[in-house]
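> Structure in structure tokens, see below.
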Amino acid sequence: MTPRATDSLWIDKAPATSYPSLERDLEVDVAVIGGGIAGVTTALFCKQEGLRVAVLEKGVISGAATGMSTAKASALQESLLSEVRRIAGKDALLAYAHANVAALERMDALVREHSIDCSWERLPDYTYAAEESQVSTVEQIVEAGQEAGLPVERVTDVPLPFDVPAAARLDGQAQFQPATYTRALAALVDGDGSAVYESTMVTGLSEGAPHEVRVEGGVTVRAKHVVVATQYPLLDRGVFFARLEATRSYIVAGRVKDVPAPDAMLITAGQPTRSLRRWGDWLLIGGEGHQTGASKADPERYEQLIEFGREHFGITDFPYRWSTQDGMPIDHVPYIGRYHPRAEGLWVAGGFQKWGMTNGTVAAMVLSDLIAGRENPYAAELDPNRARVRSAPKLAQVNMLVGLHFFGDRLTPADASSSDEVPAGEARVVRSGVGKVGVYRDESGGLHAVSLRCTHLGCLTKWNDAERSWDCPCHGSRFDIDGKVLAGPAVKPLEPREPPA
Ligand code: FES
């Protein structure tokens with residue numbers, strides 16, 4: 001049997017953090033919800049504006065999407081440039097590409113200015129056609145990149161141990177250790193009237209002057225500005241759940257000592273996705289993405305990536321495997337700006353579509369400008385309250401699927417009629433009267449039973465066997481075996497249930 005997920009390589013190897021949880025009411029200029037790269041960098045830039053900030057992170061700094069990334073800081077981004085051009089148009093393409101280039105340079109400057117020891121390396125990034133049918137995608141990427149003014153080239157010589165028919169190449173991009181980087185920035189935020197809090201779960205928000213952010217345990221943070229940087233926006237006032245598709249993807253890290261591995265970042269131009277980057281004696285291989293909760297998340301997905309590493313690089317030892325999640329905006333442009341059209345001092349950053357290293361930094365640059373009352377050249381195209389006609393079919397498709405899950409999943413029969421049928425280390429949906437309950441049996445035989453009803457908008461969660469979690473197919477909320485929230489937009493746990501006899 002393929003082992004299930006481990007911690008990510010990055011989180012395991014980064015210096016640990018020990019910020020306190022927030023235990024008392026607080027008043028600051030800017031409250032930032034979310035301690036990933038977007039939240040922490042926004043907090044730092046706001047502090048540099050002379051503002052008092054507080055970062056509120058429900059787990060540990062960079063413990064979610066940032067610490068689970070492949071950590072490529074690149075403006076090439078697989079086929080996103082051509083997708084942005086196709087759906088959002090040329091102005092959006094220019095803003096998106098230039099913002100990402102500017103973010104890359106800002107990160108480079110931060111690393112040098114603060115001597116951050118995060119293995120920052122400038123390297124070429126390639127999007128390659130794994131077969132002839134992907135060549136036209138590569139050509140569109142080259143065209144879109146050049147239209148945006150980036151020196152993207154079409155090449156056939158690619159640092160891989162197999163031939164490819166074509167690739168798009170962009171030099172001077174970067175890879176790094178994301179948890180070390182983000183934790184170094186968090187250390188710069190903490191102190192002098194600003195603070196970082198971990199194990200601090202936000203459960204609600206009242207808009208006003210100041211805004212009031214409610215934290216689990218009855219504590220309140222009052223702030224003139226609130227930034228929601230939780231990857232998939234919590235406390236959904238901008239109806240982001242209707243405009244973002246939550247997707248999961250998987251990563252394995254294998255030891256490549258004495259094994260030739262590329263000194264470049266690479267990703268396929270089509271399916272199945274294979275994303276590669278090296279870190280010292282490690283090669284990371286990512287891919288196997290799917291919509292959260294909608295397709296089966298099982299350990300076999302790791303096996304597919306491991307097989308790729310064995311076949312092409314001869315790697316035999318894969319001690320790390322983990323998965324990650326991100327929101328895909330319907331027009332392929334992140335949502336960065338005002339949370340909703342009437343919001344005053346309430347900001348959001350999300351929808352980074354798996355390219356959150358530069359996009360998270362773009363968010364920090366844009367939001368810190370807007371909070372300081374300055375114009376930002378990228379803000380209009382990234383505005384969360386935009387509407388684009390060409391994204392309407394995708395909007396309809398995403399929401400039709402949500403409707404299908406909401407109603408259809410209720411009609412799906414349970415897969416066990418009693419908790420006795422649940423094997424150790426596995427979960428089943430067990431019939432309970434006229435309803436269904438999610439039951440997991442741990443290795444020592446203990447039963448953990450929860451309501452399947454997602455506390456966001458009521459879709460039924462599904463078991464994720466790769467990571468032992470209950471995942472919602474509608475907007476990607478995730479819950480642990482006892483119902484605790486692992487990922488939003490939900491902020492409340494699944495209700496506990498008695499295991500059906
Ligand atoms: Fe929206 Fe579950 S995440 S209903």
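The values are calculated or read from the model by the stated rules, or taken from the named source; none is laboratory data. Just so you know, these numbers come straight off a predicted model, no measurement behind them. When we count neighbours, we look across all protein chains shown, and the Cβ atoms used for this are built from the backbone with ideal geometry, even at glycine. The accessibility values were calculated without ligands, DNA or RNA, using every heavy atom of the protein model including side chains. Shrake-Rupley method; radii C 1.70, N 1.55, O 1.52, S 1.80 Å.
> When residues of the range 467-501 are filtered for being acidic (Asp, Glu) and over 13 Å from residue 448 (Cα atoms), how many remain?
Summing the residues that are acidic (Asp, Glu) and over 13 Å from residue 448 (Cα atoms) in the range 467-501 gives 2.
> Among residues belonging to the range 474-492 that are open to solvent by 20 Å² or more (accessible area, probe 1.4 Å) and within 13 Å of the ligand (Cβ to nearest atom), point out the one that is nearest to residue 247 (Cα to Cα).
Selected residue: 478.
> Checking the structure you have, find out if any residue of the range 13-31 is in a strand (DSSP E or B), charged (D, E, K, R) and at pLDDT 95 or above.
Taking every residue of the range 13-31 in turn, at least one turns out to be in a strand (DSSP E or B), charged (D, E, K, R) and at pLDDT 95 or above.
A quick yes/no check of all residues on (1) touching a helix residue (DSSP H, G or I) at 6+ places or on another chain (Cβ under 6 Å); (2) closer than 30 Å to residue 139 by Cβ; (3) basic (Lys, Arg):
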position	(1), (2), (3)
321	yes, no, yes
324	yes, yes, no
331	yes, yes, no
339	no, no, no
374	no, no, yes
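> Can you spot a residue in the range 169-183 that is over 20 Å from residue 265 (Cβ atoms) and either in a helix (DSSP H, G or I) or in contact (Cβ under 8 Å) with a residue 40 or more places away in the chain (or both)?
Within the range 169-183, one or more residues are over 20 Å from residue 265 (Cβ atoms) and either in a helix (DSSP H, G or I) or in contact (Cβ under 8 Å) with a residue 40 or more places away in the chain (or both).
> In the range 300-347, what residues are aliphatic (A, V, I, L, M) and farther than 15 Å from residue 383 by Cβ? Outline the logic, then answer.
Step one: filter the range 300-347 for residues aliphatic (A, V, I, L, M), giving 305-306, 315, 328, 330, 333, 336, 343, 346.
305, 306, 315, 328, listed by residue number.
> Given the options 57, 78, 49, name the one that is open to solvent by 40 Å² or more (accessible area, probe 1.4 Å), under 21 Å from the mean Cα position of the chain (by Cα) and among the acidic types (Asp, Glu).
78
> Of everything in the range 428-444 that's open to solvent by less than 10 Å² (accessible area, probe 1.4 Å) and in contact with a helix residue (DSSP H, G or I) (Cβ under 7 Å, 6 or more places away or on another chain), which residue is farthest from residue 496 (Cα to Cα)?
By that ranking, first place goes to 430.
> Here's a follow-up. Anything in the range 445-473 that is within 13 Å of the ligand (Cβ to nearest atom), open to solvent by 10 Å² or more (accessible area, probe 1.4 Å) and in contact (Cβ under 8 Å) with a residue 60 or more places away in the chain? List them, or say none.
456, 457, 462
> Suppose we keep only residues that are in a strand (DSSP E or B) and under 11 Å from residue 167 (Cα atoms) within the range 91-141. Which one would you say is farthest from the chain's Cα centre (by Cα)?
It comes out as 128.
> Quick one: how many residues across the range 168-213 are farther than 30 Å from residue 157 by Cα, within 25 Å of the chain's Cα centre (by Cα) and at pLDDT 95 or above?
Residues flagged as farther than 30 Å from residue 157 by Cα, within 25 Å of the chain's Cα centre (by Cα) and at pLDDT 95 or above within the range 168-213 amount to 19.
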